[in-house]
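**Q** Could you have a look at this structure, given as structure tokens, before my questions?
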Amino acid sequence: MSSRAPDALWVIVWVASSLAFGVWIFVSHGAVAAAEYYAAYFLEKSLSVDNIFVFIIIFSELRIPGEYQRRVLWYGVAGALVLRALLIGAGVALIGRVDWVIYPFGALILLAAWRMLFGAERERKVVKEACNVCETWIARVLPVSPVLRGHEFWRRENGRLVATPLLVALVVIETTDIVFALDSVPAVLAITRNPLIVYSSNIMAMLGLRSLYFVLSDVITRLRYLRHGLALLLAFTGTKMLAGDRVHIGPGTSVLVIGLVLLVTIAASVVAGPPATHDSRTASI
């Protein structure tokens with residue numbers, strides 16, 4: 001059996017569970033709520049792929065072997081779920097109290113689209129600097145050992161407790177997820193304001209992220225136009241939020257747009273082939 005087969009199986013299980021949850025939404029809350037859930041889920045799942053680009057940089061820069069990456073990602077995803085719950089609760093409450101906040105949210109989404117399209121090199125530089133074990137801000141807060149031994153986040157050296165590169169990787173993953181959450185949470189709020197749908201779509205999109213990383217890590221950097229497609233999706237949702245009630249775009253239409261954009265960008269990437277300057281660790285990031 002291929003080493004990726006168990007991860008691929010888990011991806012199938014999580015996607016099937018997510019789709020089944022949408023059926024429950026349909027039965028218990030109606031067709032409109034189900035369409036909102038599927039639109040939000042597919043959008044969040046698409047945007048979570050951008051996390052994988054950053055994971056590749058982090059693990060590559062810190063030289064963390066695959067057998068240690070799973071533990072880091074488990075804690076990273078668990079922390080992200082808690083963070084998303086807090087941000088979603090704050091976002092829903094804020095929109096409920098202050099109607100005009102949708103406009104800054106819409107502008108934030110458009111800024112995220114621009115950053116995804118034109119700021120990839122700067123993002124890579126920032127993440128690489130954050131992964132400099134001995135010079136990162138983490139090293140200013142607590143002692144860090146550049147040597148990786150085993151699965152520990154902490155260990156004792158010369159009688160003192162020091163952090164390992166695994167902890168550095170975890171901290172960088174959690175801090176970068178704050179940026180991702182500031183992009184994706186307003187984006188899903190452009191589709192629905194229902195807290196159940198907003199949070200459940202985020203949960204379902206994040207739960208299979210670890211397995212998805214191991215399935216796609218070897219091939220995702222070859223999809224040269226994927227980030228263009230994700231930027232287009234953000235631009236679409238940002239414009240939808242700014243339009244408000246003036247231009248009604250239903251959740252069913254959103255599902256079709258998301259699916260079409262992903263199919264076209266992936267197909268175009270496959271036809272065009274990998275970038276000419278492809279590097280298996282950091283190309284297209």
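**Q** Looking at (1) of a type in the set (A, V, I, L, M); (2) surrounded by fewer than 18 Cβ atoms within 10 Å (Cβ to Cβ); (3) touching a helix residue (DSSP H, G or I) at 6+ places or on another chain (Cβ under 7 Å), find the lone condition where Ala169 falls short.
**A** Of everything listed in (1) of a type in the set (A, V, I, L, M); (2) surrounded by fewer than 18 Cβ atoms within 10 Å (Cβ to Cβ); (3) touching a helix residue (DSSP H, G or I) at 6+ places or on another chain (Cβ under 7 Å), Ala169 misses just condition (2).
**Q** Of everything in the range 215-232, what is within 30 Å of His29 (Cβ to Cβ) and open to solvent by 10 Å² or more (accessible area, probe 1.4 Å)? Give them in sequence order. Even if it seems obvious, please write down each step before you answer.
**A** Quick first cut of the range 215-232, residues within 30 Å of His29 (Cβ to Cβ) only: 229-230, 232.
Within the range 215-232, just Leu232 meets the criteria.
**Q** State which residue is modelled with the highest pLDDT when the search covers only the range 177-199 and only residues that are of a type in the set (Ser, Thr, Tyr) and buried (at least 21 other Cβ atoms within 10 Å of the Cβ).
**A** The residue in question is Thr192.
**Q** Also, I was wondering about something else. So which of Leu223, Leu256 ends up being within 18 Å of Ser48 (Cα to Cα) and among the hydrophobic types (A, V, I, L, M, F, W, C)?
**A** Leu223
**Q** Test each condition in (1) over 16 Å from the mean Cα position of the chain (by Cα); (2) over 25 Å from Lys240 (Cβ atoms) for Val11 and report the one that comes out false.
**A** Only one criterion is unmet by Val11, namely (1).
**Q** Okay, next question. Within the range 205-214, which residues are touching a Lys or Arg at 6+ places or on another chain (Cβ under 8 Å), open to solvent by less than 50 Å² (accessible area, probe 1.4 Å) and within 21 Å of Leu19 (Cβ to Cβ)?
**A** Residues satisfying the conditions are Ala205, Met206.
**Q** Hey, among Glu152, Glu174, which residue is in contact (Cβ under 8 Å) with a residue 12 or more places away in the chain, acidic (Asp, Glu), open to solvent by 40 Å² or more (accessible area, probe 1.4 Å) and part of a helix (DSSP H, G or I)?
**A** Matching residue, one of Glu152, Glu174: Glu174.
**Q** Next question, about the same structure. Could you list all residues from the range 208-225 that are among the β-branched types (Val, Ile, Thr) and not in a helix (DSSP H, G or I)?
**A** Result: Val219, single match.
**Q** Shifting gears a bit: Within the range 20-49, which residues are surrounded by fewer than 23 Cβ atoms within 10 Å (Cβ to Cβ) and charged (D, E, K, R)?
**A** Lys45
The values are calculated or read from the model by the stated rules, or taken from the named source; none is laboratory data. Computed from a predicted structure; not experimentally measured. Counting neighbours? That spans all protein chains shown, and the Cβs are built from the backbone with ideal geometry, glycine included. Side chains are part of the model used for accessible areas, which takes the heavy atoms of the whole protein and leaves out ligands, DNA and RNA. Shrake-Rupley method; radii C 1.70, N 1.55, O 1.52, S 1.80 Å.
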